[in-house]
Amino acid sequence: MHIFQSKLLALAISVTAIIILGPGCNKNTDFSNKIYFAQSVASKIVPVTIDGGKGIVRLSLVSALVAQENLNAEVILLDSNYLKSFNAENGTSYVPVPATAIQLSAAALSIETGKAAADNILSVTVTDWPEYVDGKQYAIPVKLKATGSAQVL
């Protein structure tokens, strides 16, 4: 992904499972439907350009296959402890955006039967906050938690 400004907010997406693809075809391979944010396919980091401490990113909930039933998920903001662990594991030094500066457009998303994408898009909006420092790399750790029969990729 290209970053068009030097000011960056990295949105850390929590991946709850790792899929390892082996060589060849295996009859026991699990091809069940999974849900995920489309923007997290290439990386767990989704960049957001921040201008003066404000920015927005939109995330699309999708499924690997057409849903045979409604697939539901919650969107959870993780705390700074998760970000500390993420930084340690990935050699990064992201600074958390304060929860008071984050607005989610929805707490839950759903993919309806017969579709492979949710009709609503999650908007993560960052409002300005007094402690914002231009040039730092901030992060908002977000977790997608499946509810019902859905599974997260």
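The values are calculated or read from the model by the stated rules, or taken from the named source; none is laboratory data. Keep in mind the model is a prediction, meaning the values are calculated, not measured. Counting neighbours? That spans all protein chains shown, and the Cβs are built from the backbone with ideal geometry, glycine included. Remember, those area values only see protein heavy atoms, side chains included, never the ligands or the DNA or RNA. Shrake-Rupley method; radii C 1.70, N 1.55, O 1.52, S 1.80 Å.
Using amide H atoms built 1.01 Å from N in the peptide plane, name the residues 5+ places from Asn120, or on other chains, whose amide H lies under 5 Å from its own.
Correct list: Ser110.
Here is the link list: Lys115/Lys143; Lys84/Lys145; Lys44/Lys143; Lys34/Lys115. Which ones come out longer than 18 Å on Cα distance? List each step's numbers first, then the result.
Details: Lys115/Lys143 22 Å; Lys84/Lys145 20 Å; Lys44/Lys143 11 Å; Lys34/Lys115 13 Å.
From Lys115/Lys143; Lys84/Lys145; Lys44/Lys143; Lys34/Lys115, over 18 Å: Lys115/Lys143; Lys84/Lys145.
Would you mind getting me the FRET efficiency between Val152 and Thr49? Use the beta-carbon distance for r and R0 = 35 Å, nearest 0.05. It would help to have the intermediate numbers written out before the result.
Details: r = 27 Å, r/R0 = 0.77.
Step by step, r from the Cβ atoms, then E = 0.85.
Under 1.5 on a/c is rounded, so check that first for the stretch 27-92, then, if it is not, pick prolate when a/b is larger than b/c and oblate when it is not; a ≥ b ≥ c are the square roots of the alpha carbon gyration tensor eigenvalues. Don't jump to the answer; show the numbers that get you there.
Details: a/c = 2.32, a/b = 1.62, b/c = 1.44.
Prolate shape, in that a/c is at least 1.5 and a/b is the bigger ratio.
Which of the GluC sites (Glu not before Pro) across the stretch 85-140 are loop residues per DSSP, with 11 or fewer other Cβ within 10 Å?
Details: sites: Glu89, Glu112, Glu131; in loops: Glu112, Glu131.
Counting only loop positions with at most 11 other Cβ atoms within 10 Å, the GluC sites (Glu not before Pro) in the stretch 85-140 are Glu131.
Sort the stretch 26-153 into rounded, prolate or oblate with this rule: let a ≥ b ≥ c be the square roots of the eigenvalues of the Cα gyration tensor; rounded if a/c is under 1.5, and if a/c is not under 1.5, prolate when a/b is larger than b/c, oblate otherwise.
Values: a/c = 2.54, a/b = 1.75, b/c = 1.45.
Prolate.
For Asp134, what accessible surface area do you get with a 1.4 Å probe? Give it in Å², rounded to 10.
100
Give, in nm to one decimal, the length gained when the segment between Thr100 and Val66 is fully stretched (0.36 nm per residue of separation minus the Cα-Cα distance). Provide the component values of the computation, followed by the final result.
Working: separation 34, 0.36 × 34 = 12.24 nm, distance 3.65 nm.
The span from Thr100 to Val66 would gain 8.6 nm if fully extended.
Taking a ≥ b ≥ c as the square roots of the eigenvalues of the Cα gyration tensor of the stretch 65-108, is the shape rounded (a/c under 1.5), prolate (a/b larger than b/c) or oblate? Before the final figure, lay out the partial values.
Numbers: a/c = 3.74, a/b = 1.72, b/c = 2.17.
Oblate, since a/c reaches 1.5 and b/c is not below a/b.
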